[in-house]
Structure formats: C-alpha cells, structure tokens
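*Asks:* Take a look at the following structure, please.
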Amino acid sequence: KQGKVYENAEKYSFLRAIKAVERASITLIVLDGSKDIEEQDKRIAGYPLDVNSGVIIVVNKWDLVDKDSKTMNKYIEKIRSHFLYLGYAPIVFLSALNKDRIQTLFDTINEVYENYTRRIPTNVLNDVILDATLFFPAATFNGGMLKVNYVSQVASAPPTFVFFVNDPKYLHFSYQRYLENQIRKSFIFDGAPIKMIFRKKE
C-alpha cells in the first residue's frame, strides 16, 4: 500500500539520519525554508545533543520564500521556539539549487569545529566560574548550598568540564544551566554542546 511504503521510507530515512549523526563531529540539521517545521525535523534535531555532536541549523530553499526585511528574523524566532534545546546552534540560510550562501555554510562549519575542539586555560576558566558564583551564589537545594571549589576542562570534542564541588546533590538544574551560560558568555562555543560533570571534592 502507498501509505505503508511511505511509512517504511520515512522510518528508513530516520534511521539513516540517526546513524549519520552518530558518526559525525558536526551535524547539519537541514530544514526546508519553504515549508513549516515538521515533527520529524524536531525528532532528528534532538539526537545530536544526545550523542554530543556539534550542530548547525541550515535553512535551505530560501530562494523560494517571499521575503521582506523581517522575514529572516521571524524565521529565526520560529526555529528558536521549536528547538529550545539548540539555542547555541548557529543558523545559516541558503539555496543549494542556486548555490547562494554556500560558502557561508562552510565557513560556519569550520568555526563550529574550532569551537567543538576548543580548550580553555584552567586559570582563566576558574576565574570566570569564581566570578559567576560570587555574583550569583547557588540557592539551598536538597538541604545544602552548592560550593564550587575548582573546575577543569578534561576533554574537547565535545568540550567537557569537571566541577569539583562540596556535594553534587546540592546542584539544581537551573544553577547548572546558569554556569553553562556563563561559560558560553565568556568563551566562544557556538554550535558546540558542553558537557558538565559534577564530582564531590574529596
């Protein structure tokens, strides 16, 4: 049946996309700019985060869209609202058919890979985290207040940071998000996921 063939093709396409993401340092999430964002787009877009791949959102077929001075910004807002978990991913608009802005995509790939493999000097990193925790201390959670003693970047691709703290059980997810935002504000990690590990300082 035609519907069954379509269903199988969709399933096979999804599985191939997943396998490709697992092998990739950088994943391009390609959207059709002439159509609405679909559920399949959102399903696939979450997977690079699961496997710690870098991400770029690519809006193709931009030549088919009726545009004014606000169209691109409106589309960016729509993407951000649909993909809240990819707020760090750059967005590139292009037309593969007309080869418009193709070079912009390759420049962005190079930039994201540089961010994905970036290492931060330990003393600079600790200065940033110390300032962040002094400016906005953690609230009491699970019977205690989180104190960060020391931070070290233990890996790149993806950038991975170990926080040595008094007790990880005092960490609220909102404070972890705050610390990640401080790292992103201070250093260039556009397109790169950030792994944060919290360990008890012995």
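The values are calculated or read from the model by the stated rules, or taken from the named source; none is laboratory data. Not measured: the values here are computed from a predicted model. Because the Cβ atoms are built from the backbone with ideal geometry, glycine has one as well, and the counts that use them run over all protein chains shown. Quick note on the areas: whole protein, heavy atoms, side chains included, nothing else; ligands and nucleic acids left out. Shrake-Rupley method; radii C 1.70, N 1.55, O 1.52, S 1.80 Å.
*Asks:* For LEU64, are the conditions met, namely being out of contact with any Lys or Arg (no Cβ under 7 Å at 6 or more places or on another chain) and either surrounded by 11 or more Cβ atoms within 10 Å (Cβ to Cβ) or closer than 19 Å to PRO193 by Cβ (or both)? If you could, list the steps in order and put the result at the bottom.
*Replies:* On the way: out of contact with any Lys or Arg (no Cβ under 7 Å at 6 or more places or on another chain): yes; either surrounded by 11 or more Cβ atoms within 10 Å (Cβ to Cβ) or closer than 19 Å to PRO193 by Cβ (or both): yes.
Yes.
*Asks:* Still on this structure, I have one more. Being under 30 Å from ARG118 (Cα atoms) and in contact with a Phe, Trp or Tyr (Cβ under 6 Å, 6 or more places away or on another chain) narrows it down to one residue among GLY33, GLY87, GLY46, GLY54; which is it?
*Replies:* GLY54
*Asks:* Look at LYS169 and say whether it is in contact (Cβ under 8 Å) with a residue 12 or more places away in the chain, assigned to a helix (DSSP H, G or I) and open to solvent by 70 Å² or more (accessible area, probe 1.4 Å).
*Replies:* When the stated conditions are applied, LYS169 passes them.
*Asks:* Pull up the stretch 101-152, narrow it to residues that are in a strand (DSSP E or B) and more than 22 Å from the chain's Cα centre (by Cα), then point me to the one that is farthest from ILE57 (Cα to Cα).
*Replies:* GLY144
*Asks:* Now a separate question. If the requirement is being loosely packed, with under 13 Cβ neighbours inside 10 Å, at pLDDT below 95 and of a type in the set (Ser, Thr, Tyr), which of these qualifies: TYR47, TYR12? I'd like the intermediate steps shown before the answer.
*Replies:* Working: TYR47 fails: loosely packed, with under 13 Cβ neighbours inside 10 Å.
Among TYR47, TYR12, only TYR12 is loosely packed, with under 13 Cβ neighbours inside 10 Å, at pLDDT below 95 and of a type in the set (Ser, Thr, Tyr).
*Asks:* For the stretch 85-100, which residues satisfy the criterion of being over 30 Å from SER174 (Cα atoms), in a strand (DSSP E or B) and out of contact with any Gly (no Cβ under 8 Å at 6 or more places or on another chain)?
*Replies:* Residues satisfying the conditions are SER95, ASP100.
*Asks:* In the stretch 188-199, how many residues are part of a loop (DSSP other than H, G, I, E, B) and either surrounded by fewer than 16 Cβ atoms within 10 Å (Cβ to Cβ) or of a type outside the set (A, V, I, L, M, F, W, C) (or both)?
*Replies:* Initially, the stretch 188-199 is screened for residues part of a loop (DSSP other than H, G, I, E, B), giving 188-194.
Filter again for either surrounded by fewer than 16 Cβ atoms within 10 Å (Cβ to Cβ) or of a type outside the set (A, V, I, L, M, F, W, C) (or both), leaving 188, 190-191, 193.
Total meeting the criteria: 4.
*Asks:* Could you identify the single residue in GLU39, GLU22 that is open to solvent by 60 Å² or more (accessible area, probe 1.4 Å) and in contact (Cβ under 8 Å) with a residue 24 or more places away in the chain?
*Replies:* Testing whether each residue is open to solvent by 60 Å² or more (accessible area, probe 1.4 Å) and in contact (Cβ under 8 Å) with a residue 24 or more places away in the chain leaves just GLU22.
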